[in-house]
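Bear in mind that the values in this text are calculations on the coordinates, not laboratory data. These numbers were taken from a predicted model, which means no experiment stands behind them. Heads up, the Cβs are rebuilt from the backbone with ideal geometry, glycines too, and the neighbour counts pull from every protein chain shown.
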Amino acid sequence: MRMNPPEQVSQEKITFDVSELEPLLAGVATELVPYEPTYLELKDGKQMLVREARKEEAPLILSYLKKMVDVERDFYDIVGARTYAEILGWMRNRIKDHYCLVGLIDGELAGLANGRMINSKINLSYHTMAFRRGGRIGAALYFAKCQYALEKLGQDEFWATYESYNGLKRWGIGMAQPSYPWPEVQHELGGAKVFYVRKDYWYRTVKKYLEDMIGTTLKTNPSQELIKANENMTVPAEIMV
């Protein structure tokens, strides 16, 4: 849109460096509390390390997620596409206060869980994906994400929505999550219904439910050997869903 200036000006054109525009597009980032690595003892005797993904690992994660867009089953295509956009947005500084937790087994990506902090009180869950079956990986990463939001970040509410029937059954219904009235309150993912867990409900019920589903709990203080073994991420050669 153009309008004539209301008075005489000394410069008809004003230019900007993109470095001056970037703060307006990226927003002011909040310094999130770091996620301290945890680990899980798997049924096959191996250990899965859960840690924060590093931004330089985003292209590698994207290379795997891109393959999932072609999987037209159980909503992997839309979950893959949306998670791809979220990780790309994180890499390009176009999602504010995003976090991504990854589960690694011998350095290989076994799953991820991501979301963002809307404000100091509300955490918005995006996606939880397991790339191996039968290892309680999805449940462990969902647990890690809830615990991070409600215990480490100290937020009051954890908001989620579900694209797949399995996700709705396992987390929404399985955790008996209440929901806010729709359409007055909507989730960022397609304007869907918001299911939520409040901090008191987490400590009273949900935390135990997830621990029972996992069969154990995430352990703190992983060994330096385990951390070193998962320092450099790789992704599976094939889609494993």
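Quick rundown of the values:
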| read-out | value |
| --- | --- |
| Residue 74-residue 188 FRET efficiency (beta carbon distance; Förster radius 25 Å; 0.05 resolution) | 0.70 |
| The stretch 103-145: radius of gyration and largest Cα-Cα distance (Dmax), Å | 11.7, 35 |
| For the stretch 141-223, fraction of C-alpha pairs farther apart than 17 Å, in % | 49 |
| Alpha-carbon centroids, the stretch 201-241 and the stretch 113-137: separation in whole Å | 12 |
| Descending principal axes extents, the stretch 80-173, alpha-carbon based, whole Å | 35, 33, 25 |
| Radius ratio Rg over Rh of the chain, counting only Cα atoms, Kirkwood formula for Rh | 1.05 |
| Choice from 181, 222, 59 showing the highest fluctuation, given a GNM over the chain with Cα pairs closer than 10 Å | 181 |
| Positive-pole candidate from 50, 158, 217, dipole of the chain, charges at beta carbon | 217 |
| Cα-based radius of gyration of the stretch 1-82 once divided by 2.2 N^0.38 Å, which approximates compact folds | 2.01 |
| Computed [θ] at 222 nm, deg cm²/dmol, the chain (DSSP H ≥ 4; -39,500 (n - 2.57); rounded to nearest 500) | -7500 deg cm²/dmol |
| Positive-pole candidate from 195, 30, 128, dipole of the chain, charges at beta carbon | 195 |
| Cross-link table 96/208; 46/228; 96/121; 169/228; 46/219; 46/96, entries beyond 25 Å C-alpha to C-alpha | 96/208; 169/228; 46/96 |
| Extension gain (nm, one decimal) between residue 24 and residue 199, 0.36 nm per residue minus Cα-Cα | 59.7 nm |
| Antiparallel DSSP beta bridges within the chain, as percent of all bridges there, nearest 5 | 90 |
| J(HN,Hα) series, the stretch 194-206, from Karplus relation 6.51 cos²θ - 1.76 cosθ + 1.60, nearest Hz, glycine and proline x | 9, 9, 9, 10, 8, 4, 5, 5, 4, 5, 7, 9, 5 |
